[in-house]
1. By how many degrees, 0 to 90 and rounded to 10, does the Cα axis of helix 121-137 deviate from the longest principal axis of the chain?
2. How much of the DSSP beta bridge set in the chain is antiparallel, as a percent to the nearest 5?
3. With springs connecting C-alpha atoms under 10 Å apart, model the chain as a Gaussian network and identify which of 216, 198, 131 has the largest mean-square fluctuation.
4. Among 20, 56, 66, which comes first, second and so on when ranked by fewest other beta-carbon atoms within 10 Å?
5. So, with +1 on the Cβ of K and R and -1 on the Cβ of D and E, and no other charges, what is the size of the charge dipole of the chain about its Cα centre, to the nearest 20 debye?
6. Using a Gaussian network for the chain with springs between C-alpha atoms less than 10 Å apart, which of these wobbles most: 204, 181, 172?
7. Sequence-distant or interchain residues sharing an amide H contact under 5 Å with residue 206, placed H: which?
8. How tilted is helix 99-111 with respect to the longest principal axis of the chain? Cα atoms for both, answer in degrees (0 to 90, nearest 10).
Amino acid sequence: MNSTDYILETRELTKEFKGFVAVNKVDLKVRRGSIHAMIGPNGAGKTTCFNLLTKFLIPTRGQILFDGVDITPDKPAAIARRGVIRSFQISAVFAHLSVLENVRVALQRKLGTSYHVWKPEASLHTLDAQALALLAQVDLEAYAALPAVELSYGCKRALEIATTLAMEPKLMLLDEPTQGMGLEDVDRIRQLIKKVAASRTVLMVEHNMSVVASIADTITVLQRGALLAEGPYAEVSKNPAVIEAYMGSANVELKGAH
């Protein structure tokens, strides 16, 4: 496969904390237009990896390439401007603003007009139309006027995805998007991720194996900071090293997913 087929690559990405190696020479390749899941037992280095990709942490060694460009020296804001958007970076939901206003704030950030309080009302109406279109994408249009505080947990996560979409990501990084959800909300977010991934690339850290099995094109398994296995779910889930890594209940969940 040609390197231009990959939107994101890491080369021997490494992070050490006072002698402890949290991420160890990880070579990650995320194919353009795919849903790529990063899984692994607790302490495997998944969140550290995400923090390195968005430069919330500085790599000890290694390279990060986005769209073929070495972005290793970039600061978090520069990486976001390139189109690498992590859900929580811009998704702090403002509880007492309406659902529509939350998305409008994200749109204003994208335009760089967050503090232009004197902008004419007509320009805000343009943003309202864009915001409603984004809410329609995540099935929250009916809740546009509702204060965000009144949304269910699953709907709040959907609103976070809408605010992430407002930043026009080329690569969406979703960190545990279904964490703490009941079955109904998990299914809603699973379908939503699949829908928004139709026109962009998604890299997600996810603990729910049924979600991973049903939507991920490629799965990277990390263990103790190193890459243990990579491939489609059907292949990875049968890998003896992966099964061994998921001890106890996680192992049962891994084998029982469908």
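1. Taking Cα atoms only, the helix is inclined about 40 degrees.
2. Details: 20 of 36 bridges.
Restricted to the chain, the bridges split so that about 55 percent are antiparallel.
3. Largest GNM mean-square fluctuation: 198.
4. Numbers: 20 8, 56 14, 66 21.
Fewest to most other Cβ atoms nearby, the residues stand as 20, 56, 66.
5. Details: 29 positive and 27 negative charges, 131 e Å.
Using only the charged Cβ atoms, the result is roughly 620 debye.
6. 181
7. 38, 176
8. Here the helix axis deviates by roughly 80 degrees.
Laboratory data are not the source of any read-out in this text; all were calculated from the coordinates shown. Since the structure is predicted, the reported quantities are computational estimates derived from the model, not experimental observations. A quick note on method: Cβ atoms are made from the backbone with ideal geometry, for glycine too, and the neighbour counts reach across all protein chains shown.
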